[in-house]
Structures are given as structure tokens and as C-alpha cells.
């Protein structure tokens, strides 16, 4: 990948965007979304993708070019090729980078404006499967959310929307809490500790910037919930799963998710 453009602040006019959870490089799933989007949401021209992206930018452009999509914003996850991505960010510190005609990899952290709303993106997460991966080939330490990322994200002040790959700790999403409660504790204690620390870093930022809505992927558990003080969290599913796609109204910050059945029907229309 190479950088075609870079920017420290992106501003988009969109009043409605598509939000997507993990894609894991699945061209087949992206192809289905590209066929379904013009039917489900012909007004949508921007996708916000919440990490574990894993796509070849040129392949993604070719899939979306006839779907009316002109911008894909990627909040990077943990299962990314940081061997390719990290040098791009290092060459342009603090900037988001455009790596294809429509694809932007968002800085860590990134501040942007969509439909007049202040948006904070905080990419990265911990891999509980890292012991089964090969450092520098299928796993990179750069996946972690750093203390510097946290400090910079907080220093930017309040946000209306927060985009993350990692879930906050103490999520108000019941399905997420249940998954974490029943996590396979036979996993190495160090990776479980790293995962908990990663969620704590997200929470530190979440509590400081106090967005009305936080969107995340990573856990492959679609669902939503709200804290006692009214902050809402939406957890998006993975490729091929219910809840991978949703449509976010930037005026009301309400999100609607088509069913898997609706996506498939729209793709075949």
C-alpha cells in the first residue's frame, strides 16, 4: 500500500452513513454489501468500517464503485497487516492516510467531522489468540492501544461519536458482558490481562470525551445498550453475521440495522 493523500482532520457532509463491523478481508461479503447498499440505502455514500478490515484497497474500490460509495473510513483493528500499515502512519504522524480512490485508514487517534458531528476514532485492540500467531507475519505489537493514543484522544476534548474496534470495559451491551464473563479462561492469563487492559484504555477515553454513541466491532457480538447516564454503545457483528451492517443518522445518532435476510434479498434484487 502507498499513501495517495493524508489529512489531520477529515470533514464529510454526510447526514447518514453506513457502519460496518469486522470484514476480515472477505471479498465475498463486501461484494454482497456492495450489491445491497444501493437498494437498502441509496442516499449513503460513506462507510465507516470498525476494524479487522484486511482488504486490498483496489479490490474494495472495484466492488463499491457501482454502489454509490465514494468514501470508506477504516478504524483499524487488531488483525491487520501492521507490517504494511505502520510505515504509512509513521511517514505522516497524526494524519489519516488515503490508500485508494475511496479508502482512508484513520489515524490513531483521529478527529473528524461527519454531518457536523464531532467524531473520535481510536483504533486497535488486543488479540487473545496472539500465541497462535507469528509475530511480524500474522501478529504485530502495534495492534495495542498505547498510553500515548489515550492521552492524545482525551486531549482532543469531547466528541459526539466514538469509533473503536475494542469494546469498552463494563459495556452496557448485555451480550458483550455475557461473552466476556464466559470467556474461555483456559486461554493464557497474559493475553486475557492484555485484553482487559485494552478495554480499560477505551473506557478511559470514553469516560473523558463522553460521546453520546460509541460504535465498535472486534467481539463478533451484535447488540446495543445504554449506560445509566444515557451513553449508548452499539456492538457490530462480523462479516456474514447478523448486525455487521447498520445505518447511522448523524442528526439523531440513531442506528438501524437491516437483517441478514434483508441484506441478502437486497443483494439479489
- Give the number of residues within the stretch 39-57 that are farther than 29 Å from residue 109 by Cβ, in contact with a helix residue (DSSP H, G or I) (Cβ under 8 Å, 6 or more places away or on another chain) and without any contact (Cβ under 8 Å) to a residue 60 or more places away in the chain. 0
- Query: Could you list, in sequence order, the residues of the stretch 18-38 that are surrounded by 21 or more Cβ atoms within 10 Å (Cβ to Cβ) and not in a helix (DSSP H, G or I)?
  - Reply: 18, 19, 20, 21, 22, 23
- Say we look at the stretch 232-269 and pick out the residues that are without any contact (Cβ under 8 Å) to a residue 60 or more places away in the chain and closer than 22 Å to residue 15 by Cβ; which of these is surrounded by the most Cβ atoms within 10 Å (Cβ to Cβ)? 257
- Query: Hey, any hits in the stretch 193-214 for a residue that's assigned to a loop (DSSP other than H, G, I, E, B), farther than 23 Å from residue 53 by Cβ and in contact with a helix residue (DSSP H, G or I) (Cβ under 6 Å, 6 or more places away or on another chain)?
  - Reply: no
- residue 42, sole failed condition from (1) over 18 Å from residue 266 (Cβ atoms); (2) surrounded by fewer than 23 Cβ atoms within 10 Å (Cβ to Cβ): (1)
- Task: Look at residue 90 and say whether it is under 30 Å from residue 134 (Cβ atoms), outside any loop (DSSP other than H, G, I, E, B) and modelled with pLDDT of 95 or more.
- Result: yes
- What is the one condition in (1) assigned to a helix (DSSP H, G or I); (2) touching a residue at least 40 places away in the same chain (Cβ under 8 Å); (3) farther than 26 Å from residue 81 by Cβ that residue 177 does not satisfy? (2)
- Among the residues of the stretch 64-79 satisfying the criterion of being over 23 Å from residue 256 (Cβ atoms) and surrounded by fewer than 21 Cβ atoms within 10 Å (Cβ to Cβ), which is farthest from the chain's Cα centre (by Cα)? 66
- In this structure, does residue 60 turn out to be buried (at least 20 other Cβ atoms within 10 Å of the Cβ), out of contact with any strand residue (DSSP E or B) (no Cβ under 7 Å at 6 or more places or on another chain), without any contact (Cβ under 8 Å) to a residue 60 or more places away in the chain and more than 23 Å from residue 213 (Cα to Cα)? no
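The values are calculated or read from the model by the stated rules, or taken from the named source; none is laboratory data. All of these numbers come straight from a predicted model, not from anything done at the bench. Methodologically, a virtual Cβ is constructed for each residue, glycine included, from the backbone with ideal geometry; neighbour enumeration extends over all protein chains shown.
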